[in-house]
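> Here it is, the structure in full.
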Amino acid sequence: MDQASFITQNKERFLQELFELLRIPSISADPKFAGDTRRCAEAVADALRAAGADNVVLEETAGNPIVYGEKIIDPALPTVLVYGHYDVQPSVPDELWDSPPFEPTIRNEKIYARGSCDDKGQMFMHVKALETMLQTGTLTCNAKFMIEGEEEVGSSNLGDYCRANRAKLSADVILISDTAMIANDTPSLDVGLRGLCYVEVEVTGPNIDLHSGVYGGAVANPINVLSTMIASLHDENRHITIPGFYDDVETVSDEDRKAMSAIPFDENEYKKQLNIDAVMGEKGYTTIERTGIRPTLDVNGIWGGYTGEGAKTVLPSRANAKISMRLVPNQSSAKITELFTRHFESIAPAGVRVKVTPHHGGEPVVTPTSSIAYQAAAAAMRDTFGKDPIPTRGGGSIPIVALFEKELGTKTVLMGFGLDTDAIHSPNEHYGLFNYYKGIETIPHFYRHFARLHQ
Ligand code: BES
Ligand code: MN
Ligand code: MN
């Protein structure tokens, strides 16, 4: 049987099997879900075995296990290492979902569930593609799978695992579906990802919450102070004011910027989707450039003082915020953490104390379009979409990609099938049935072209 017929005949089962995974709340950020997360790892391992992978194991780490499996058919053939993640972001606030986050539901040809796109749906396409290739006798490369359970919390144990298993993980390419394409009729391949520097800040004033009438006006209010400090991190051109922040930023050539401006993008549609009347960002750059080639700074959460029912007059003792910075090529997450910390401490007025605590970070990546791996992915998409994919820069981060290159010396291809509008990390995350099946269909073409070009 050919691949297309096999996929068509097993369509419904492929969907039900994904649903099984989506029903497991494998939320890595919340220790309450540690048991479910492990159960999800076991389900992924079972799925790999059922698809025909050998030597499937749960690799224990200091955190959630990594699922490893492989199908080595001939050491002379090239090897594809598939990376994905089975952990998901928290689903809260659950009341904003139109159907429960861990009860996958189909509406308007889309699978609604936490993790449907990021990344269970996209990761599972690779498992079903492997099954398809094995069942149709068309596997042309060795395949290795490394599916982790801590991507959404910084992959802190994956580096050690890679260092300790260099030989086992040796491959000619790392293939990842965990990014988006431009549109269902406009395929694209990410050739870059931004890095990440994530910090938490705390501003402390008086030793206890005070009466805001008795003390207000005479004592530094940490929330007022923190707001002012945060506001000062951008100037009127939405440039980041941290000294040295842009020093290492790669200058993108006019030619590359021209190519970016040719990427289909409808700003009105974008605004409509988000229900905003204007976009906002760094002066002198387009929206695509602002998310693709420029670094940013965003407050992800801010808290302090009284936020309960009604009004309580209080001058809080403390204010906190979580701040992320997205980084672009040549910036270093460690250096930016240092620059941020030094600057943030320096702008604190007398009367408060400031503490900066770094969280996980990650380095930016760019991958060449000239590689065999990119060419194979482009050819695969051409086969199934009937069009050449457009190279784009993803705004998100997969910190482990830079690490793979460093620790394993292996380059990555980012062949994602999601859409920016899939609401990953948000309520009502979804993944198109079109995208799920298109991925399963396209992946075997990648293996075929990669084997062909590799000779
Ligand atoms: N799959 C995303 C990254 C992504 C999404 C890249 C869309 C490009 C386009 C990944 O799961 C993710 O969310 N990464 C985190 C970083 C991590 C350290 C928490 C991110 O980008 O915030
Ligand atoms: Mn992801
Ligand atoms: Mn994610």
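The values are calculated or read from the model by the stated rules, or taken from the named source; none is laboratory data. These figures come from a predicted structure and were not determined experimentally. We place every Cβ from the backbone using ideal geometry, glycine too, and count neighbours over all the protein chains shown. Areas reflect the complete protein model, heavy atoms only, side chains present, ligands, DNA and RNA absent. Shrake-Rupley method; radii C 1.70, N 1.55, O 1.52, S 1.80 Å.
> What is the magnitude of the charge dipole of the stretch 225-375 about its Cα centre, with +1 placed on the Cβ of each Lys and Arg, -1 on the Cβ of each Asp and Glu, and no other charges, expressed in debye to the nearest 20?
680
> If you don't mind, there's one more thing I want to ask. Under a straight-distance cross-link criterion of Cα-Cα below 18 Å, which lysines are reachable from Lys71, leaving out those fewer than 8 residues away in the same chain?
Straight-line reach from Lys71, under 18 Å: Lys128, Lys144, Lys168.
> Take every Cα pair under 8 Å in the chain that's 6+ residues apart, average their separations, divide by the length, and report that relative contact order as a whole percent.
The normalised contact order for the chain reaches 25 percent.
> What number, rounded to the nearest 500 deg cm²/dmol, is the helix-based mean residue ellipticity at 222 nm of the chain, given -39500 (n - 2.57) per DSSP H run of at least four residues and division by all its residues?
-10000 deg cm²/dmol
> Using a 10 Å cut-off on Cβ atoms, rank the peptides 392-403, 94-105 from the highest mean neighbour count down.
On the way: 392-403: 22.6, 94-105: 15.1.
So the peptides 392-403, 94-105, ranked by packing, come out 392-403, 94-105.
> What are the ³J(HN,Hα) values, in whole Hz, obtained from phi via the Karplus relation 6.51 cos²θ - 1.76 cosθ + 1.60 with θ = phi - 60°, for each residue of the stretch 85-99 in sequence order, with x given for Gly and Pro?
After applying 6.51 cos²θ - 1.76 cosθ + 1.60, I find 9, 9, 7, 10, 6, x, 8, 4, x, 4, 5, 8, 7, 7, 9 Hz.
> Then there is this: Please compute the contact order of the stretch 58-122 in relative form: average sequence separation of alpha-carbon pairs under 8 Å and at least six residues apart, divided by the residue count, as a percent.
26
> Strictly greater than 16 Å: what percent of every Cα pair in the stretch 155-268 meets that?
Summing the P(r) of the stretch 155-268 above 16 Å gives 81 percent of all pairs.
> Taking only complete DSSP H runs, can you tell me which helices of the chain stretch 24 Å or more along their own long axis by Cα positions and average at least -1.0 on the Kyte-Doolittle scale? Please list the in-between numbers first.
Working: long enough: 34-51 (26 Å, -0.11); 433-454 (32 Å, -0.42).
Length and hydropathy pass: 34-51, 433-454.
> Give the lysines whose C-alpha is closer than 30 Å to that of Lys271, dropping any in the same chain fewer than 8 places away, or say none.
Lys110, Lys120, Lys258, Lys283, Lys322, Lys387, Lys438
> Based on the alpha-carbon gyration tensor of the stretch 139-204 and its eigenvalue square roots a ≥ b ≥ c, which shape applies: rounded if a/c is under 1.5, prolate if not and a/b is larger than b/c, or oblate?
oblate
> Let me ask another. Using a probe of 1.4 angstrom, how much of the accessible area of the stretch 6-52 is carbon and sulfur, in percent?
Here it works out to 53 percent.
> Quick one: Kirkwood hydrodynamic radius for the stretch 36-131, alpha-carbon pairs, angstrom, one decimal?
After inverting the mean inverse Cα-Cα distance, the result is 15.0 Å.
> Also, I was wondering about something else. Which residue, chosen from Phe417, Phe385, Gln375, occupies the Cα position most advanced towards the positive end of the dipole of the stretch 371-455, where the dipole is computed from +1 (Lys, Arg) and -1 (Asp, Glu) charges on Cβ about the Cα centre?
It is Gln375.
> Given H placed 1.01 Å from N in the peptide plane, which residues other than close sequence neighbours of His234 have an amide H under 5 Å from its amide H?
Here the answer is Thr241, since their amide H atoms fall under 5 Å of that of His234.
> Going by average Cβ neighbours within 10 Å, how do the peptides 344-355, 190-201, 366-377, 60-71 rank, with the highest at the top?
190-201, 60-71, 366-377, 344-355
> Dipole of the stretch 46-193, Cα-centred, from +1 at each Lys and Arg C-beta and -1 at each Asp and Glu C-beta, to the nearest 20 debye?
480
> For Cα pairs less than 8 Å apart in space and 6+ apart in sequence, what is the mean separation divided by the residue count of the stretch 135-226, i.e. the relative contact order in percent?
This gives 14 percent for the stretch 135-226.
> Along the charge dipole of the stretch 132-272, which of His239, Ser156, Ser170 sits closest to the positive end, that is, farthest toward it, with unit charges on the beta carbon of Lys, Arg, Asp and Glu (+1, +1, -1, -1)?
Toward the positive end, the furthest listed residue is Ser170.
> Just the number, please: percent antiparallel of the DSSP beta bridges in the chain, rounded to the nearest 5.
70
> Could you calculate, for the chain, the ratio of the Cα radius of gyration to the Kirkwood radius, expressed as Rg to Rh?
Working: Rg = 23.4 Å, Rh = 23.5 Å.
Ratio value, two decimals: 1.00.
> Here is a further query. Could you sort 282-290, 434-442, 121-129 so that the peptide with the highest average Cβ count within 10 Å comes first and the rest follow in order?
The peptides rank, most packed first, as 121-129, 434-442, 282-290.
> Something else: Counting Lys and Arg as +1 and Asp and Glu as -1, each charge on the Cβ, what is the dipole of the chain about the Cα centre in debye, to the nearest 20?
I would put it at about 340 debye.
> Would you give the gap between the C-alpha center of the stretch 174-190 and the C-alpha center of the stretch 303-366, rounded to a whole Å?
33
> Computed over the Cα atoms of the stretch 21-92, what is the convex hull's projected area averaged over all directions, in nm²?
Here the figure is 5.5 nm², rounded to one decimal.
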